[in-house]
Every structure is written in C-alpha cells, then in structure tokens.
Amino acid sequence: MILCAYELDRRLRRNRSSVASIAFDPGSTPDTGFLRTLPKPVQWLAKTAMMKAVMKRVGVTQGSIGFSGAALARVAADGAFAAASGKYLQCNAGTLSERRSSKMSYDKEQALNLWNDSKQLVSLLPSEEPALLR
C-alpha cells in the first residue's frame, strides 16, 4: 500500500495535480474485528492490557478505533494536510505524526512494478488509465 501511495504521489506531482496521496497507518486496532477468524482465546488475549504492553514494548504501533478514525477523517478533510502528499502518517498511542516508512517502501523500481502489475491484474487497458496517472 505504501509503495502504491508513493508511486501515486510521484505521478500526481509530475502532472502538477492538486490531489494528495498520503500513506496512513492507523496503528494496531484489534477492536476492529480483523482478528475475528482467529481462535477466541487469541482474540481475547489481543485485547488485554498485558498484550498491548507487550506489543508496545516490541515496537508495534498502537491505535484505537476512535482516535485513528478521527485522525483519518482529519487527514482527508483538513486542508492543512494538502502539503502532506507523498508522506507517511502514523497513529501511535494517541498521536498522529509524520514518520519515515521502511527503507523498502522508497524503492521506486518496486513501486513501478507494483503499479504496472496492479494494472495488469485488473485488466486495465491503456485507454482506461487517466492521463493524469500515466
């Protein structure tokens, strides 16, 4: 996702678009139900204070449905984030901050490969791709 967001930003900037492409990380939010296919004991454990402390200790970012949702809405609607195109924003422990994503996420060749592979996987014809994104 981050590779795609950065590639989209490069394409938008190349064509002088005012549209922003921002990579957003809500942090770990086990209350969203993404663990629902795991065994019940694992679901329960993931929501405990002990597990949250362990995850924080090993460096897993921590979000919450309320904070992360509000932060995403703010990023999408607040003009103050218009200049954040091409950035990675991360929710962690009740704060939203600009962070540096992984080294691999800045690989332009891999981003281009992902972009082109995605177009092929959805059978996007050259005539269907907007000129702004070519």
Item to check | Local net charge near THR29, Cβ-Cβ under 12 Å (Lys/Arg +1, Asp/Glu -1) | outcome: 0
Checklist entry - In a Debye calculation with equal point scatterers on the alpha-carbon sites of the chain and no solvent, what is log10 I(q)/I(0) at q = 0.09, 0.18 Å⁻¹? => result -0.36, -1.07
Next on the checklist: Run the numbers for ALA93 and GLN43: contour at 0.36 nm per residue of separation, minus the present Cα-Cα distance, in nm.
Outcome noted: 16.0 nm
Checklist entry - Counting each DSSP H run of 4 or more residues in the chain as -39500 (n - 2.57), what helix-only mean residue ellipticity at 222 nm follows after dividing by all residues, to the nearest 500 deg cm²/dmol? => result -12500 deg cm²/dmol
Next on the checklist: Contact order normalised by length for the chain, with contacts defined as Cα pairs under 8 Å and 6 or more residues apart; what percent is it?
Outcome noted: 37 percent
Checklist entry - Distance in nm between label sites at ARG57 and ARG16, each 7 Å beyond Cα in the beta-carbon direction? => result 5.6 nm
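Which percentage, to the nearest 5, of the DSSP beta bridges contained in the chain is antiparallel?
Values: 5 of 9 bridges.
Restricted to the chain, the bridges split so that about 55 percent are antiparallel.
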Item to check | At R0 = 25 Å, FRET efficiency that the Cβ-Cβ distance of LEU112 and PHE34 yields, to 0.05 | outcome: 0.25
Checklist entry - Using the alpha-carbon centroid of each, what span in Å lies between the range 70-134 and the range 13-35? => result 7 Å
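Since every read-out is calculated from the coordinates, none of them should be taken as a lab result. It should be emphasised that the depicted structure is a prediction, and the values quoted were computed from it without experimental measurement. Ideal geometry is used to build each Cβ from the backbone, glycine not excepted, and the neighbour counts take in all protein chains shown.
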